[in-house]
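The values are calculated or read from the model by the stated rules, or taken from the named source; none is laboratory data. All values reported here derive from a predicted model rather than from experimental measurement. Please note: Cβ atoms are built from the backbone with ideal geometry, for glycine as well, and neighbour counts cover all protein chains shown.
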């Protein structure tokens, strides 16, 4: 069960980042109004990816028995990092968003979330 939840979590991460970067690239090139189906697909990718990430993360914490004494600090910090993606999603949906600024921010936030998951600071 634990391995399956981890794989589901990683699939959600891939889905989220592919949808987010697809939306960012479409808005950067100005092709958003011309391709509403592609925009719908990218939005569906990052919304469903984020939903999978949150649900599988909470299920993994429950599976490990870490929710009984309260959510650990590293998990709270990871939820904070996830919350920081919200402005990134809103900016990605704007036409003319500077991709050269947003992509490094996405990489740093993703690396921060991964580091919190790997090292689990207390």
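Laid out as a table, the results:
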| read-out | value |
| --- | --- |
| Options 51, 61: the member that is under 24 Å from residue 36 (Cα atoms) and either touching a helix residue (DSSP H, G or I) at 6+ places or on another chain (Cβ under 6 Å) or surrounded by 13 or more Cβ atoms within 10 Å (Cβ to Cβ) (or both) | 51 |
| Check on residue 20, loosely packed, with under 12 Cβ neighbours inside 10 Å and either touching a helix residue (DSSP H, G or I) at 6+ places or on another chain (Cβ under 9 Å) or in a helix (DSSP H, G or I) (or both) | no |
| Index of the failed condition, residue 4 passing every other in (1) modelled with pLDDT of 90 or more; (2) surrounded by 14 or more Cβ atoms within 10 Å (Cβ to Cβ); (3) over 18 Å from the mean Cα position of the chain (by Cα) | (2) |
| Among the candidates 27, 56, residue that is surrounded by 15 or more Cβ atoms within 10 Å (Cβ to Cβ), at pLDDT below 80 and not in a loop (DSSP other than H, G, I, E, B) | 27 |
| Test: residue in the stretch 62-77 that is more than 17 Å from the chain's Cα centre (by Cα), at pLDDT below 90, within 23 Å of residue 89 (Cβ to Cβ) and in a loop (DSSP other than H, G, I, E, B) | no |
| Whichever residue in the stretch 32-45 is in contact with a helix residue (DSSP H, G or I) (Cβ under 8 Å, 6 or more places away or on another chain) and modelled with pLDDT under 90 and, among such residues, is nearest to residue 97 (Cα to Cα) | 32 |
| Pick from the stretch 102-122, criterion outside any helix (DSSP H, G or I) and either modelled with pLDDT of 90 or more or at negative phi (or both), ranking: surrounded by the fewest Cβ atoms within 10 Å (Cβ to Cβ) | 122 |
| Test: residue in the stretch 92-101 that is touching a helix residue (DSSP H, G or I) at 6+ places or on another chain (Cβ under 6 Å), surrounded by 12 or more Cβ atoms within 10 Å (Cβ to Cβ) and not in a loop (DSSP other than H, G, I, E, B) | yes |
| Among (1) in a helix (DSSP H, G or I); (2) more than 17 Å from the chain's Cα centre (by Cα), the one test that residue 88 misses | (2) |
